[in-house]
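Right, one structure below, let's go through it.
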Amino acid sequence: WSGPVDEKDDPYRDSSTYLPDELGLPIQKHVQEVIFLPARQGPLDNNGIKSAIQKYGAIDTSIYYCPGYYSFTKYSYYYSGSSSINHDVTIVGWDDSYDRNNFSQVPPGNGAFIVKNSRGTTFGEKGYFYVSYYDSRIGERNTVFTAESKDNYNNIYQYDPLGWTSSVGCNNPTYWGANVFTAKSSETLKAVSFYATDSSSKYQIYIYTNPTSGPISNNPVLTQNGTTSTAGYHTVKLSTGIP
């Protein structure tokens, strides 16, 4: 809930030392759902990304960027090595027949994603460029960020405002976690959010009130089960509000 903000309130800069919430800028939306798409299994395994663009809009992804692999005349990029990803871009479309000869180094076949960079309109073709389907890094990490009205909930309680920054576990397909929060006022709990690391993940939610020692005390006031359709950060509306 520290973003997104209006671009007019926080114009693009090549570099910035401030975060929007530090500037006290008005938040425009609440992010309640973030979808992690599966990694591509090959250069032509693109239907998942295409479908997501049609359904949701732009797709965040990562590439390895080095200027030596970029064509400044064709606004195209192709890298086939094994270097680690170092840059985030946004896939906004595709062209299955994009000529492979438009790249500085010619890939095995035609086709490219239409990508918006994060470096303003002076980069590429007014901020956009083409990345070959055969690029070895694009499509490995793909994320869909969705937004809802900022009036959907009044408060959010969390210990991880930066999102998923690290992982713990024991190589077991079943994992339990618990949090304790103190309400700021007389409120009604309406939803619970969590990360699912894979699609079709089954979840069980237990709500306890007024715990005396640890997160679990007496019997739960609500139990709710379900299955996530995708990996990602999900907000589950509770079947009934909990005072």
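In table form, for the structure just shown:
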quantity	calculated
Extended-chain gain in nm, criterion 0.36 nm per residue less alpha-carbon gap, D60 and I156	32.1 nm
At R0 = 35 Å, FRET efficiency that the Cβ-Cβ distance of N225 and S84 yields, to 0.05	0.35
R0 of 30 Å, Cβ-Cβ distance S97-Y203: FRET efficiency to nearest 0.05	0.10
Theoretical gain in end-to-end length, A191 to V168 [0.36 nm per residue, Cα-Cα removed]	5.9 nm
Relative packing of 216-223, 106-113, which averages over residues the other C-beta atoms within 10 Å, highest first	106-113, 216-223
Nearby aspartates and glutamates by direct alpha-carbon distance to K74 (threshold 18 angstrom, same-chain neighbours under 8 apart not counted)	D95, D96, D99, E125, D135
Solvent exposure ordering (accessible area, 1.4 Å, most first) of W164, W94	W164, W94
C-alpha center-to-center spacing [segment 167-213, segment 21-54] in angstrom	23 Å
For peptides 73-79, 120-126, sequence by mean Cβ density within 10 Å, most packed first	73-79, 120-126
Rg to Rh, two decimals, where segment 108-197 supplies the alpha carbon set and Rh follows Kirkwood	1.11
Length released on extending from V180 to W1, taking residue separation times 0.36 nm less the Cα-Cα span	62.5 nm
Among R13, R100, R141, residue whose mean-square fluctuation peaks in a GNM of the chain (springs only between Cα atoms under 10 Å)	R13
Gyration tensor verdict on segment 1-78 (Cα atoms; rounded if a/c is under 1.5, prolate if a/b is larger than b/c, oblate otherwise)	oblate
Reach of K50 by Cα under 17 Å, taken over lysines that are not fewer than 8 positions away in the same chain	K116
Sequence ranges 181-191, 144-154, ranked by mean other-Cβ count within 10 angstrom, highest first	144-154, 181-191
Exposure rank, largest accessible area first [T209, T197; 1.4 Å]	T197, T209
Cβ-defined net charge surrounding Y133, 10 Å radius [Lys, Arg +1; Asp, Glu -1]	-2
Qualifying lysines (Cα of each under 21 Å from Cα of K190; at least 8 residues distant if same chain)	K29, K150, K202, K237
Check: the chain dipole with +1 on Lys, Arg Cβ and -1 on Asp, Glu Cβ, in debye	300 debye
Correct option for mean projected area of the Cα convex hull in nm² [calculated from the coordinates] among (1) 15.4; (2) 12.7; (3) 16.1	(3)
Antiparallel bridge percentage (DSSP; both residues within the chain; nearest 5)	95 percent
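The values are calculated or read from the model by the stated rules, or taken from the named source; none is laboratory data. Every value quoted in this text rests on a predicted model; they were computed, and no experiment measured them. Note that we place each Cβ from the backbone using ideal geometry, even for glycine, and neighbour counts take in every protein chain shown. To get the accessible areas, we keep the full protein, side chains included, count just its heavy atoms, and leave off ligands, DNA and RNA. Shrake-Rupley method; radii C 1.70, N 1.55, O 1.52, S 1.80 Å.
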